[in-house]
1. Which residues, counting only those in region 46-73, are surrounded by 12 or more Cβ atoms within 10 Å (Cβ to Cβ) and in contact (Cβ under 8 Å) with a residue 60 or more places away in the chain?
2. So in region 41-73, with the set limited to residues that are in contact with a strand residue (DSSP E or B) (Cβ under 6 Å, 6 or more places away or on another chain) and part of a loop (DSSP other than H, G, I, E, B), which one is farthest from Cys29 (Cα to Cα)?
Amino acid sequence: MGSDVEWDGETLNELSPEWGERVIFLPECGSTNDEARKLAFKGAPNLSVILTEYQASGRGRRGQSWVCPKGEGLAFTLVLRPKEVPTLWSRMDL
């Protein structure tokens, strides 16, 4: 998508009603991970996606920041609700 394309949840819902219910598009946010955590606690279904064009204060591995400037990409977090015990999570097959 170029930076001249406007994107919103309604567009996705028109393209795919099933995914339209699970993809939460935020034009900007601090951290998709923080937003996903809030929505997961509120009952967001398995495989929900929190997607943004601009992330200001995301966190990467080992304490690194994970910033996504507008027009340079997309940042997202996927909500997973595995049924397996945590010791088997590395073997999950989505």
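1. Residue satisfying the conditions is Lys70 alone.
2. Within region 41-73, the match that is farthest from Cys29 (Cα to Cα) is Ala44.
Values in this text are rule-based calculations from the coordinates and carry no lab data. In this text the structure is predicted, and so the values were computed from the model without any measurement. All Cβ positions, glycine included, derive from the backbone under ideal geometry; neighbour counts span all protein chains shown.
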